[in-house]
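Presented below is the structure to which this report refers.
The values are calculated or read from the model by the stated rules, or taken from the named source; none is laboratory data. Just so it is clear, the structure is predicted and the values come from calculations on it, not from any experiment. Because the Cβ atoms are built from the backbone with ideal geometry, glycine has one as well, and the counts that use them run over all protein chains shown. These area figures cover heavy atoms from the full protein model, side chains too; ligands, DNA and RNA do not enter into them. Shrake-Rupley method; radii C 1.70, N 1.55, O 1.52, S 1.80 Å.
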Amino acid sequence: NSNIISFEDIVKHKTEDILRSVAKPCVIQDMEFSVTASAGIAIFPQDGDDPHALLRNADTAMYRSKRKGRNTYEVFTPEMGDVVMKRVEIDNKLRFALENGDFYLKYQGLMDARTQSIVGAEALIRWDDKELGEISPDEFVPLAEESGLIVDIGNWVLDTALASVKKWREHADHKDFYVAINLSSRQFRGKDIVKDISDALKRHGLPGSCLELEITERILMRDVPHVINLLDQFKEMNITLSIDDFGTGYSSLSYLKRFPFDVLKIDKTFIADISEDPDDAALCEAIISMAHSLGLSIIGEGVENKEQFDFLDQRGVETIQGYYVSEPMVHDEFLKFIAISEWLETTV
Ligand code: C2E
Ligand code: CA
Ligand code: CA
């Protein structure tokens with residue numbers, strides 16, 4: 001009978017009450033603060049018949065709700081347990097992937113919208129495990145970050161990407177080619193990153209101008225003076241700094257102004273709906289004009305078709321990235337691609 005309220009409904013209802021009261025803003029010294037909570041629900045006996053199993057499963061559900069965007073709850077399902085098993089397996093394998101040589105990089109072309117030539121590439125890590133197959137960086141990078149392995153992996157990415165850009169720059173038409181790499185917040189702990197990067201550039205005999213560092217807002221939330229200090233040192237080395245996935249986090253452009261960025265990458269979720277959703281189009285326009293007035297150059301990412309390309313180009317976006325321009329490719333493919341795209345230009 002659908003009129004009977006289940007135990008699960010009661011628990012959900014109570015959880016909503018709790019989340020609501022936790023989220024009530026409080027005032028401390030005239031400033032308003034609010035805290036949010038995430039909850040996970042596991043119910044006896046179906047989700048565990050002893051306290052340990054119940055708590056573990058409730059914990060799993062809570063992590064799921066945190067990932068969903070916080071201030072919400074999730075009820076445990078057995079599939080969530082499978083996901084956790086997979087995470088544990090990935091975590092164990094990750095430790096050996098670097099020594100086994102199971103990582104490789106793909107490069108995605110960055111196109112100058114005005115000249116329509118490829119001026120650089122973003123390096124994207126790939127992991128091909130013998131048993132699990134290809135594992136997406138969205139899955140393993142967060143785990144590598146938790147365990148700290150991202151520091152060694154990041155240095156491998158840096159070294160490999162610099163070797164590639166060095167090769168591309170040997171080509172007469174690509175002397176100014178650059179490579180962009182992604183950094184994780186863990187790499188910003190301490191000061192090692194500055195030395196690691198400057199050593200790597202020296203080792204390859206490359207100037208800082210061939211490197212762009214992509215930094216997400218998560219990195220900026222940490223110890224601000226420390227991060228600014230590191231970024232300033234990168235600037236002194238002539239390295240380009242870009243803010244990645246702009247629009248997905250909480251920072252405003254005025255907040256970003258405190259950091260010495262050169263480039264802003266508009267997140268692909270905004271670009272995706274430019275042609276259909278007037279709100280996203282308006283947001284993109286506002287971001288573009290504000291970024292420009294702050295002296296930032298712009299990369300539009302996730303550009304998949306001509307409408308999106310034209311929209312951004314017409315509004316003065318300098319650089320375009322996405323499947324419309326080029327798929328991510330392994331080093332050799334990419335080398336062919338930049339030679340061919342140049343050949344296409346001369347033959348058209
Ligand atoms: P990201 O930095 O935002 O990278 C762009 C992602 O969008 C890439 O996913 C790329 O393959 C994908 N993409 C490119 N063009 C298009 C398009 O036209 N449409 C759509 N829908 N997607 C497109 P990927 O390679 O799976 O990487 C996912 C994320 O993993 C990256 O997002 C980045 O945050 C992280 N990542 C990748 N490589 C590294 C790395 O070497 N170090 C660190 N720390 N993170 C990395
Ligand atoms: Ca990126
Ligand atoms: Ca991005």
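Of everything in the stretch 95-125 that is assigned to a strand (DSSP E or B) and among the charged types (D, E, K, R), the residue that is nearest to ligand 2 (Cβ to nearest atom) is Glu122. For the stretch 218-238, the set of residues classified as in contact with a strand residue (DSSP E or B) (Cβ under 9 Å, 6 or more places away or on another chain) and open to solvent by less than 10 Å² (accessible area, probe 1.4 Å) consists of Leu220, Val227, Leu231, Phe234, listed by residue number. The set of residues in the stretch 237-254 being among the hydroxyl-bearing types (Ser, Thr, Tyr) and touching a residue at least 24 places away in the same chain (Cβ under 8 Å) consists of Thr240, Ser242, Thr248, Tyr250, Ser251. Looking at the stretch 267-285, is at least one residue modelled with pLDDT of 95 or more, among the polar types (S, T, N, Q) and open to solvent by 30 Å² or more (accessible area, probe 1.4 Å)? No - not one qualifying residue is present in the stretch 267-285. Residues in the stretch 13-32 that are open to solvent by less than 90 Å² (accessible area, probe 1.4 Å) and either of a type in the set (D, E, K, R) or free of Cβ contacts under 8 Å to residues at least 24 places away in the same chain (or both): Glu16, Asp17, Ser21, Val22, Pro25, Cys26. Within the stretch 88-126, take every residue that is more than 22 Å from the chain's Cα centre (by Cα) and of a type in the set (Ser, Thr, Tyr) and give me the one that is nearest to Asn155 (Cα to Cα). Restricting to residues being more than 22 Å from the chain's Cα centre (by Cα) and of a type in the set (Ser, Thr, Tyr), the top hit is Ser117. Looking at the structure I just gave you, is Ser242 outside any loop (DSSP other than H, G, I, E, B), in contact with a strand residue (DSSP E or B) (Cβ under 6 Å, 6 or more places away or on another chain) and either away from ligand 1 (no atom under 16 Å from the Cβ) or modelled with pLDDT of 95 or more (or both)? For Ser242, the condition - outside any loop (DSSP other than H, G, I, E, B), in contact with a strand residue (DSSP E or B) (Cβ under 6 Å, 6 or more places away or on another chain) and either away from ligand 1 (no atom under 16 Å from the Cβ) or modelled with pLDDT of 95 or more (or both) - is met. For the stretch 286-302, filtered to residues that are open to solvent by 50 Å² or more (accessible area, probe 1.4 Å) and closer than 23 Å to Asn229 by Cβ, the residue that is nearest to ligand 3 (Cβ to nearest atom) is Leu294.
Residue by residue, here is whether (1) buried (at least 18 other Cβ atoms within 10 Å of the Cβ); (2) touching a Gly at 6+ places or on another chain (Cβ under 9 Å); (3) more than 17 Å from Leu231 (Cα to Cα) holds:
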{"residue": "Gly190", "(1), (2), (3)": "no, no, no"}
{"residue": "Ile193", "(1), (2), (3)": "yes, yes, no"}
{"residue": "Ser198", "(1), (2), (3)": "no, yes, no"}
{"residue": "Pro207", "(1), (2), (3)": "no, no, no"}
{"residue": "Glu212", "(1), (2), (3)": "yes, yes, no"}
{"residue": "Ile215", "(1), (2), (3)": "yes, no, no"}
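Filtering the stretch 216-269 to residues that are in contact with a helix residue (DSSP H, G or I) (Cβ under 7 Å, 6 or more places away or on another chain) and at positive phi leaves Asn238, Gly247.
Each residue in the stretch 137-162 was checked for being open to solvent by less than 40 Å² (accessible area, probe 1.4 Å), among the aromatic types (Phe, Trp, Tyr) and away from ligand 2 (no atom under 16 Å from the Cβ), and 0 of them qualify. Residues in the stretch 239-248 include none that are under 21 Å from Phe103 (Cα atoms), among the small types (Gly, Ala, Ser) and open to solvent by less than 40 Å² (accessible area, probe 1.4 Å).
Matching residues to (1) within 16 Å of ligand 2 (Cβ to nearest atom); (2) more than 14 Å from Leu110 (Cα to Cα); (3) assigned to a helix (DSSP H, G or I):
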residue	(1), (2), (3)
Thr248	yes, yes, no
Leu264	yes, no, no
Phe311	no, yes, yes
Glu327	yes, no, no
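Residue check: is Gly120 surrounded by 13 or more Cβ atoms within 10 Å (Cβ to Cβ) and touching a Cys at 6+ places or on another chain (Cβ under 9 Å)? Spelling it out, Gly120 is indeed surrounded by 13 or more Cβ atoms within 10 Å (Cβ to Cβ) and touching a Cys at 6+ places or on another chain (Cβ under 9 Å).
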